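Have a look at the structure below before the remarks.
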Amino acid sequence: MFSLTLTLDPGSRTPMYEQLYAALAAAIREGSLRHGEKLPSKRALCAQLGVSRATVEAAYGLLTAEGYVEARPRSGFYTADYHLMPTPGEAQKAFPAPPARPTAVPGPERDPALDYFSTSAVDVSVFPYASWAKLYKEVVYNSPALLQRGDPRGEAPLRQALAALLSEYRGVRCGPEQIVVGSGLETLLGQLITLFGPKTVYAMEDPGYPAVERTLLARGREIRFVPMDAAGMDAEALEASGATVAYLTPSHQFPLGITMPASRRSRLLGWAVARRGWIIEDDYDSEFRYGGRPISSMQGMDRHGRVIYTGTFSRSLAPAIRLAYMVLPPALLEPWQALYGGQQPTVSRYEQTVMARFLAEGFYARYIRRVGKRYADRRAALLEALGQIRGLEISGAEGGIHFLLRLPRLSEAELLGRAAAAGLPLRGLSEFCRRVSPLPSTLVLGYGGLPTERVSELARRLARAWEENGAVPRKAP
């Protein structure tokens, strides 16, 4: 067992459990704690540090959730297999020839009015209309200078507010000068694609996010579809893919809902260093976690400047707010400036200034707490209602506003067909798969735009559609 020497500051604004978590996580990342080393018992650590049992339990819980440690029954807590990142000068591995690139497969057209279980909808009923309108009016009337040309990276107050927000809530390490604001993620991806050049090969999660695939294919880029396992993108398959840029959704993978543990994140960061490649971290759905705080960003673990962090307000606020951002590593700042430094910003300066105030004055944090509670309650009600369907399996529901639903006694086509006949169009997992075979009988269910008052009714409608011969679903015991 190791000897722990650290000091916690009870006067800090950072809670004691987070201080303890951060110290232990850093020791594991840096190799001070080796793989398989046993951590002190909760009681021993409480006595050594003079803290409460709740503090130690919360810290150990976070370390376990993020994959830094593993709990062994009747034995204790041990450090997990965490791959230390190589230095840029270490030898690179050989990569075999990649497979041929497939063509994109468009999804079916959908009627948004009937799409109660859409994976892209959000709850706009609690949008802070009054606060947003008040700020917009003040900005329009009091800031005539915003009619002039602006900084192509985005308004300085917005970039400052974003840097503060990302540091506090996502563990992102950056300054405002590293942030670029754009009109949606596709706009920023387009800039990165141009920056990396036409011969760059991209790795994408399979199954994964179709919009990014379409953006890459529209620009004629090569894609390698890398399969997923229980921890996220398969590291060995990525290393063998020939790609130099990997697009990842590690916080809540779409569509599988996987949260990538720290050990896998570390290994993929090591790949980026050894390959002299890049990781585009799409922090999809990171705002919403149930049963714990959001997992810290991958960018915050990066010590070699190989991660481009990206985010958007489309999920947390509304899809119509076309405001996204990316955090460029220092090595990409000058190349980006050379290509785009003379262009106009792609988002209205008025909207940027409103968003800057919305963030800086606390409106956004209050809204996230409010809508997060609403999603948590809706998720609980939906899981309870769907739990009455015989044989139903649910996964990926620990965060975000979608999860997977599996009913093995019916095929995916039967599930989709019966649901559509009941007036409930759904999406099958196969829609998001390219090279891998989807888990059979599996659907992707979103609940962001689902009317809360209709949860039970719609769940019963699905149950009736999926019961053999239209039988009534079983009642709760």
Quick one: in the range 16-57, of everything that is in a loop (DSSP other than H, G, I, E, B) and either touching an Asp or Glu at 6+ places or on another chain (Cβ under 7 Å) or free of Cβ contacts under 8 Å to residues at least 40 places away in the same chain (or both), which residue is farthest from ARG72 (Cα to Cα)? GLY50
Return the total of residues in the range 171-185 being buried (at least 18 other Cβ atoms within 10 Å of the Cβ) and closer than 17 Å to SER314 by Cα. 5
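Being surrounded by 15 or more Cβ atoms within 10 Å (Cβ to Cβ), closer than 24 Å to MET228 by Cβ and not basic (Lys, Arg) is the requirement here; does ILE401 meet it?
yes
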From the list ALA381, ALA324, ALA365, which one is at pLDDT 90 or above, aliphatic (A, V, I, L, M) and exposed (fewer than 15 other Cβ atoms within 10 Å of the Cβ)? ALA365
Number of positions in the range 202-212 that are in contact with a Phe, Trp or Tyr (Cβ under 9 Å, 6 or more places away or on another chain), surrounded by fewer than 22 Cβ atoms within 10 Å (Cβ to Cβ) and either outside any loop (DSSP other than H, G, I, E, B) or modelled with pLDDT of 95 or more (or both): 3
Residue pairs meeting the criteria (Cβ under 7 Å; at least 6 apart or on separate chains; first outside the structural domain of PRO319 (by TED's automatic domain parsing) and closer than 15 Å to PRO207 by Cβ, in the range 431-457; second among the small types (Gly, Ala, Ser) and in a helix (DSSP H, G or I)): PRO438/SER430
Among residues belonging to the range 114-166 that are hydroxyl-bearing (Ser, Thr, Tyr) and not in a helix (DSSP H, G or I), point out the one that is surrounded by the fewest Cβ atoms within 10 Å (Cβ to Cβ). SER125
Among the candidates GLN299, GLN352, GLN344, residue that is in the same structural domain as ALA156 (by TED's automatic domain parsing), surrounded by 22 or more Cβ atoms within 10 Å (Cβ to Cβ) and more than 21 Å from the chain's Cα centre (by Cα): GLN352
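What is the residue count in the range 295-340 for residues that are of a type in the set (A, V, I, L, M, F, W, C), out of contact with any helix residue (DSSP H, G or I) (no Cβ under 9 Å at 6 or more places or on another chain) and assigned to a loop (DSSP other than H, G, I, E, B)? Explain how you work it out, then say what you get.
First, the residues of the range 295-340 that are of a type in the set (A, V, I, L, M, F, W, C): 295, 298, 301, 307-308, 313, 317-318, 320-321, 323-324, 326-328, 331-333, 336, 338-339.
After this cut, where a residue has to be out of contact with any helix residue (DSSP H, G or I) (no Cβ under 9 Å at 6 or more places or on another chain) as well, the list is 318, 320, 331, 338.
If we keep only those that are assigned to a loop (DSSP other than H, G, I, E, B) as well, we get 318, 320.
Number of matching residues: 2.
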Return the only residue of PHE288, PHE313 being among the aromatic types (Phe, Trp, Tyr) and in contact with a Leu (Cβ under 8 Å, 6 or more places away or on another chain). PHE313
Hey, does the range 239-261 have a residue that's at negative phi, of a type in the set (Gly, Ala, Ser) and assigned to a helix (DSSP H, G or I)? no
Of all residues making up the range 352-403, the number that are in contact (Cβ under 8 Å) with a residue 60 or more places away in the chain and at positive phi: 2
Can you tell me which residues in the range 254-278 are closer than 17 Å to ILE223 by Cβ and under 11 Å from the mean Cα position of the chain (by Cα)? PHE254
Among the residues of the range 222-233, count how many are surrounded by fewer than 19 Cβ atoms within 10 Å (Cβ to Cβ) and not hydrophobic (A, V, I, L, M, F, W, C). 3
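If you check LYS199 against the conditions, is it charged (D, E, K, R) and either touching a Phe, Trp or Tyr at 6+ places or on another chain (Cβ under 6 Å) or farther than 24 Å from LEU332 by Cα (or both)? Before the answer, list the steps.
Details: charged (D, E, K, R): yes; either touching a Phe, Trp or Tyr at 6+ places or on another chain (Cβ under 6 Å) or farther than 24 Å from LEU332 by Cα (or both): no.
Answer is no for this residue.
The values are calculated or read from the model by the stated rules, or taken from the named source; none is laboratory data. In this text the structure is predicted, and so the values were computed from the model without any measurement. Don't worry about glycine lacking a Cβ; one is built from the backbone with ideal geometry, like all the others, and counts go over all protein chains shown.
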